[in-house]
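Input: a single structure, listed below in structure tokens.
The values are calculated or read from the model by the stated rules, or taken from the named source; none is laboratory data. Treat the numbers as computed from the prediction; the structure is a model and nothing was measured. Virtual Cβ from ideal backbone geometry, glycine too; neighbours counted across all protein chains shown. Note: accessible area is taken over every heavy atom of the protein model, side chains too, but ligands, DNA and RNA are not part of it. Shrake-Rupley method; radii C 1.70, N 1.55, O 1.52, S 1.80 Å.
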Amino acid sequence: MTTHTLKHTAELLATGKTSAVELATAYLAKIEASQPTLNAFITIDRDKTLAMARDADALRAAGHAGALTGVPMVHKDIFCAEGWRTTCGSKMLDNFVSPYDAGVVERCKAAGLVTLGRANMDEFAMGSSNENSAYGPVKNPWDLTAVPGGSSGGSAAVVAARLAPVATATDTGGSIRQPAGFCGVTGLKPTYGIVSRYGMVAYASSLDQGGPIAQTAEDCALMLNVMAGFDERDSTSLDVAKEDYSRDLAKPLAGLRIGLPKEYFGAGLASDVAAAIEAALAEYKKLGAEVVEISLPRTELAIPAYYVIAPAEASSNLSRFDGVRYGHRASEYDDLIDMYEKSRAEGFGWETKRRILTGTYVLSHGYYDAYYLKAQKVRRLLAEDFQKGLAQCDVIAAPVAPTTAWTIGAKGDDPVAMYLEDIYTLGVNLAGLPGIAHPVGFGSNGRPVGMQLIGNYFAEAKLCQAAHQFQLATDWHTRAPQEA
Ligand code: GLN
């Protein structure tokens, strides 16, 4: 019962084969048992979960259930949820219990979904391995010595280990797609602006976007139907007509043009990752797709542009954590300035501090033009490259990362080595485009390989359709680690 997809779980509830309380109880037992090994959760709250499950069952008994009422899920610990501790992976917010719901959390509640707990993550969503969490690293369910990816490592591990059918996540520079790839599950990063950022702790506001991680593309479409929608409380929320992202799932792929950016498949891509992607592309061709070579000539500029813009925005966003209003406050200090300094020195981890320093530097008078403004210009050029590429194809296929998941600690003392791992994901965020990552096999070390499809703005339905058709013909998405 605790291994099913979101869709199948909803069917079991609709046909009375299980109840929300039964599901929540079974998942909670599995989650608690997994915690000492996987560490995928920051907070578990049995009473709250069971209360939500009882409410869902009552709604169903009264004949008011929606399609997903009673389905269990997990929230990344970046989404504020009323009455739940919301740490964002940071000691700074260790004692913060949110007084309100994020837009995404409201929508999930309104759909009747039951929260099983709060997924571990890199502090303030900064990282690619989940090793920056103040609550300890998450282990990859496929190999406990490997990272699960980041920053949504907890969300991806939860779905891979079948600790929930679906989890929310966020993607500022790859944090939905890369952990989904590292954990052998499916993750959808939507077009910037279609999922509300209200109540989602801000890292880099012009890049952050929430989305789902699930076993299948079909589940991602169903979950995006819940998560997406205009929210006037988020000034960058797009006021566009509500879509059904699952509307095209059943359509065959005949004639789909898949673009392969030549810059993504050259030196730097591990041969086992390349081989799994080639095999997946052969499968797409069997399904009727045509593969064309395209060029994204300025790909290598994505890393320097992102690692200027994201820290710049982070340094501004994180200035609110001053020990005054909420969050950590040092217990001893001399005066106001000393209180700020000590609170921030104690509350933030090293990677967060590094980014605040970088961000403050690139925004400072004298360096603003040379770094920040330059990076914004590069950002525009990268977006133009994607438009030229997408003029030649319907979707772009790409790896999610140059290698499979690395071993915990392997890049620990070299932040730049970690930044370089983001080469295939950052451009999508800088351009604001949607992308879906899905599993396509395993590397030579037995760790999962993911591939992403990138579409033009608002192409989520097409991305879900393509990945769903691939999943109908293959079984990578059904594989689960032994323990699950
Ligand atoms: N790895 C990237 C970073 O560290 C992306 C993280 C994210 O998408 N939240 O910033």
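Overview of results
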| quantity | calculated |
| --- | --- |
| Residue pairs meeting the criteria (Cβ under 8 Å; at least 6 apart or on separate chains; first farther than 24 Å from PHE386 by Cβ, in the stretch 407-432; second more than 14 Å from the ligand (Cβ to nearest atom) and modelled with pLDDT of 95 or more) | THR407/THR145; THR407/ALA146; ILE408/PRO137; ILE408/LYS139; ILE408/THR145; ILE408/ALA146 |
| Pair list, Cβ < 6 Å and 6+ apart or interchain, from the stretch 306-322 residues that are within 17 Å of TYR340 (Cβ to Cβ) and open to solvent by less than 30 Å² (accessible area, probe 1.4 Å) to residues that are more than 8 Å from the ligand (Cβ to nearest atom) and not hydrophobic (A, V, I, L, M, F, W, C) | SER315/GLY359; SER315/THR360; PHE321/GLY327; ASP322/TYR340 |
| Matching entry among VAL395, VAL378, VAL449, VAL440 (being surrounded by fewer than 23 Cβ atoms within 10 Å (Cβ to Cβ), more than 16 Å from the ligand (Cβ to nearest atom) and modelled with pLDDT of 95 or more) | VAL378 |
| Qualifying residue in the stretch 208-229 (condition: surrounded by fewer than 17 Cβ atoms within 10 Å (Cβ to Cβ) and outside any helix (DSSP H, G or I)) | no |
| Count of residues meeting criterion [open to solvent by 50 Å² or more (accessible area, probe 1.4 Å), of a type in the set (Asp, Glu) and touching a Ser or Thr at 6+ places or on another chain (Cβ under 8 Å)] in the stretch 245-289 | 1 |
| Members of the stretch 352-402 that are under 26 Å from SER129 (Cα atoms) and among the polar types (S, T, N, Q) | THR352, THR358, THR360 |
| First in the stretch 267-284 and among the hydroxyl-bearing types (Ser, Thr, Tyr), second anywhere and in a loop (DSSP other than H, G, I, E, B) and crowded, with 16+ Cβ neighbours inside 10 Å, Cβ under 9 Å, 6 or more apart | TYR284/LEU253; TYR284/LEU256 |
| Yes/no for ALA134 being among the small types (Gly, Ala, Ser), in contact with a helix residue (DSSP H, G or I) (Cβ under 7 Å, 6 or more places away or on another chain), open to solvent by 10 Å² or more (accessible area, probe 1.4 Å) and under 20 Å from LYS242 (Cβ atoms) | no |
| Selection count, the stretch 228-253, where residues are of a type in the set (Val, Ile, Thr) and either touching a Leu at 6+ places or on another chain (Cβ under 7 Å) or in contact (Cβ under 8 Å) with a residue 60 or more places away in the chain (or both) | 1 |
| Helices (runs of 4 or more DSSP H) wholly inside the stretch 2-119 that include at least 3 residues being in contact with a strand residue (DSSP E or B) (Cβ under 8 Å, 6 or more places away or on another chain), buried (at least 16 other Cβ atoms within 10 Å of the Cβ) and in contact (Cβ under 8 Å) with a residue 12 or more places away in the chain | 20-38, 46-61, 103-110 |
| Count of residues meeting criterion [away from the ligand (no atom under 14 Å from the Cβ) and either within 21 Å of GLU106 (Cα to Cα) or free of Cβ contacts under 8 Å to residues at least 24 places away in the same chain (or both)] in the stretch 168-194 | 3 |
